[in-house]
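The numbers here are math on the coordinates, done by the rules we state, and not lab data. Model, not experiment: these values are computed from the prediction. Cβ placement follows ideal geometry from the backbone for every residue including glycine, while neighbour counts extend to all protein chains displayed.
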Amino acid sequence: SNYSEEPSRHPSLKINAKEPFNAEPPRQALVSSYVTPTEFFYKRNHGPIPVVDDIGRYCVSVKGLIEKPKELFMKDILNLPKYNVTATLQCAGNRRTAMSKTRTVRGVGWDISALGNDPFGTNILREELMLLSHNISEEEPVSLPFLSSPGVMVTAIWGGAKLSDVLELVGIPKSTSTTPAGGKHVEFVSIDRCKEEKGGPYKASIPLSQATNPEADVLLAYEMNGETLNRDHGYPLRVVVPGVIGARSVKWLDSINIDSKECQGFFMQKDYKTFPPSVNWDNIDWSTRRPQMDFPVQSAICSLEDMNIGTNGKIAIKGYAVSGGGRGIERVDISVDGGKTWIEASRYQKPGIKYIADEERSDKWAWVLFEAEADIHSNTEIVAKAVDTAANVQPEKVEDIWNLRGILNTSWHRVHVQVRH
Ligand code: MTE
Ligand code: MO
């Protein structure tokens, strides 16, 4: 591994780990605009950023269960119709810190003094350590801790070719949501190298039915926010799978593989799965669960951190809400008394235009920003919860959805406010 050619990054990013580089923007930066400015994109990596300096020779090989395997050069991708899709990418570990604080894993079998030997300069929480010791004892590669507050999120205008058009070039016909799927999968393999794959590339897959359906808007993106994709985010080409956890949007694409089964890589089979609270690192059987795809309904308050305010403070409560699978946001409820009573926040995607959860009039793959105002006179807890168009609602307590890998913390988002007298 070689970290000597990392790109430069914005100084305001909160760095969770340096090598591989993992960082998130301050939460206020997230709600300052609907489309996240490129420098505030979160960065989630598992190895050094690859260097692709000869774009003329760069190609993606498409192979596997197809009649005409093919090498696609950048010019072939650029020749296809270009689509701009506004989509939110959210790491499955978004808001993990709060989940880590709530409960430790059962059957702790490692030395607490490992905390003093923190190689990452962060306060590694208990299940992250469990993961480390588990992986070490199994002689598996070490997975780095990745703690995060609500910032592992980005909304961008991704520009690129539709995967359904790319697959048509190699003879795979387009589908609709009612076409029989045939059970095949499309695997994306990266150029990068990571420990979890024992020095091999990062990879993931999605069902072929999703890949060939133009309506699913899966892109091979070469642009974000109207500019050439930068190195941190996958230059020259990355996959963007709208509506599912960020882990499936493979960066630095090297090859596409059509297979009869799901990708067997670490991040599909040994990570990014949820387990019931009874499962711990001693009794875990990864094969009992499917890889997580869709993101459940989520929201977070970004205009406030736990803080002190003056008396009679009017405060603005702003944040984001988003669901997976293209579901819209039906409602965002705000409480300024810890969840006893609620008011409804206003919602928008385009500033000044009321959001309507309707595919024709809104960006179905993107977050919705919300806003409410309140008068705070005493110490309290401010809470946000969202409801999506399928009437899914965020769970109240993080304890109820706790899972040992610390993913998908979508519990009510709470901010504590103290009034100074
Ligand atoms: N692709 C490659 N090749 N390597 C990676 O480490 N990380 C994944 C995904 N794609 C990753 C990857 C994860 S877990 C997330 S959340 C997103 O990329 C993060 O994308 P970003 O860094 O562009 O924000
Ligand atoms: Mo992620």
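Computed quantities for the displayed model
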{"quantity": "Burial ranking of peptide ranges 163-171, 236-244 (average Cβ count within 10 Å, highest at the top)", "calculated": "236-244, 163-171"}
{"quantity": "Mean shadow area of segment 254-368 over all directions, Cα convex hull, nm²", "calculated": "12.9"}
{"quantity": "Length gained when the stretch residue 358-residue 290 is fully extended (0.36 nm per residue, less Cα-Cα span)", "calculated": "21.5 nm"}
{"quantity": "GluC sites (Glu not before Pro) lying in DSSP loop within segment 37-89, provided at most 12 other Cβ fall within 10 Å", "calculated": "67"}
{"quantity": "Alpha-carbon gyration tensor eigenvalues x 5, square-rooted, for the chain, Å", "calculated": "34, 27, 20"}
{"quantity": "The chain: most fluctuating residue of 361, 289, 96 per GNM, C-alpha cutoff 10 Å", "calculated": "361"}
{"quantity": "Hypothetical label at residue 377: residues of segment 327-348 whose amide nitrogen lies under 19 Å (7 Å Cα-Cβ projection)", "calculated": "335-343"}
{"quantity": "The chain: angle of helix 126-137 to the longest principal axis, Cα-based, in degrees nearest 10", "calculated": "30"}
{"quantity": "Highest to lowest packing among 213-219, 228-234, scored as the average C-beta count within 10 Å", "calculated": "213-219, 228-234"}
{"quantity": "Computed Kirkwood radius, in angstrom, where 1/r is averaged over Cα pairs of segment 322-421", "calculated": "14.9"}
{"quantity": "Rounded FRET efficiency, nearest 0.05, which uses the C-beta distance separating residue 32 from residue 340 and R0 of 30 Å", "calculated": "0.45"}
{"quantity": "Label-point separation, residue 57 to residue 264 (7 Å along Cα→Cβ), nm", "calculated": "3.2"}
{"quantity": "P(r) histogram, all alpha-carbon pairs of segment 353-392 included - 5 Å bins from 0, percent", "calculated": "5, 13, 24, 20, 14, 10, 9, 4, 1"}
{"quantity": "Student exercise, the chain dipole from Lys, Arg, Asp, Glu Cβ charges, in Debye to nearest 20", "calculated": "240"}
{"quantity": "Dimensionless Rg over Rh [segment 1-73; C-alpha; Kirkwood]", "calculated": "1.13"}
{"quantity": "Peptides ranked, highest mean first, by Cβ atoms within 10 Å: ranges 196-207, 178-189, 320-331", "calculated": "320-331, 196-207, 178-189"}
